[in-house]
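Participant: This is the structure I want to talk about, given as structure tokens.
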Amino acid sequence: MKKEMQALVERGEMLPLMEEFYTIQGEGFYKGTAAYFIRVGGCDVGCHWCDVKESWNAELHPPTEITAIVENASKYSDTIVITGGEPLTWDMGPITRQLKNKGLRIHIETSGAYPLTGEWDWICLSPKKMKLPTKEVYEKAHELKVIVYNKDDLRFAEEQAAQVSENCILYLQPEWSKRDKVIPLIVEYVMNNPKWKVSLQTHKYLNIP
């Protein structure tokens, strides 16, 4: 990458854009809501069950001017979801300021593994054992979404729930490839621990992005 372009990426004025698309939010509190997704490349958290591993290597995704991304997003929806990869790998301040100037609601889906940058209306924190969230993200998260791959993830979920605010909504979500095995565990756990809610990847059932 040219030095000039690299400097723009480091300042958040360009981002390694993997894809952008208009769809229905499939998960968590805003499931069923029309939203424009901005998927940013780059992630070193390394979840073995990640369903977008192609997002990990930022160099595979062309640095794109945020003004162009914002212009596209504003044509479709007033709800924008920035996801990845791990979007907090990059400075989210510039793009969120531009989106805010358009009067848009901005959500982020993050592992929280890097310092929180940007201005957010909704923070969905999905922590991973390999690289835990920062203290600030725990405190500001509106929604905690723990992916359940096996029974030990329920223990991990409680550890994470102890660190978010009392107003944070708690979700357990089955890892897609293990859903038949773990959904009964999650259902039983939520019934016994009703502070939790079940989240499903409804977009996969609907066969949409």
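Participant: When you check Val9 against the structure, is it touching a Leu at 6+ places or on another chain (Cβ under 9 Å), modelled with pLDDT under 90 and not aromatic (Phe, Trp, Tyr), yes or no?
Facilitator: For Val9, the condition - touching a Leu at 6+ places or on another chain (Cβ under 9 Å), modelled with pLDDT under 90 and not aromatic (Phe, Trp, Tyr) - is met.
Participant: In this structure, is Pro133 touching a residue at least 60 places away in the same chain (Cβ under 8 Å), surrounded by 16 or more Cβ atoms within 10 Å (Cβ to Cβ), touching a Gly at 6+ places or on another chain (Cβ under 6 Å) and not in a strand (DSSP E or B)?
Facilitator: No.
Participant: Please verify whether Ile95 is without any contact (Cβ under 8 Å) to a residue 60 or more places away in the chain and in contact with a strand residue (DSSP E or B) (Cβ under 8 Å, 6 or more places away or on another chain), treating the condition exactly as stated.
Facilitator: no
Participant: If you go through segment 162-209, how many residues are among the β-branched types (Val, Ile, Thr), under 26 Å from Leu132 (Cα atoms) and assigned to a loop (DSSP other than H, G, I, E, B)?
Facilitator: Final tally of qualifying residues: 1.
Participant: Determine whether Ala113 is aliphatic (A, V, I, L, M), surrounded by 24 or more Cβ atoms within 10 Å (Cβ to Cβ) and at pLDDT 95 or above.
Facilitator: When the stated conditions are applied, Ala113 does not pass them.
Participant: Now for a separate question. Could you grab me the full set of residues in segment 84-94 that are buried (at least 20 other Cβ atoms within 10 Å of the Cβ) and in contact with an Asp or Glu (Cβ under 9 Å, 6 or more places away or on another chain)?
Facilitator: Step one: of segment 84-94, the residues buried (at least 20 other Cβ atoms within 10 Å of the Cβ) are 84-90, 92, 94.
Gly84, Glu86, Pro87, Thr89, Trp90, Met92, Pro94 - these are the residues of segment 84-94 that are buried (at least 20 other Cβ atoms within 10 Å of the Cβ) and in contact with an Asp or Glu (Cβ under 9 Å, 6 or more places away or on another chain).
Participant: Which fully enclosed strands (runs of 3 or more DSSP E) of segment 40-123 have 3 or more residues being closer than 25 Å to Cys168 by Cα?
Facilitator: 79-83, 105-110
The values are calculated or read from the model by the stated rules, or taken from the named source; none is laboratory data. All values derive from a computational prediction rather than experimental measurement. No Cβ is skipped: glycine too gets one built from the backbone with ideal geometry, and neighbour counts run over all protein chains shown.
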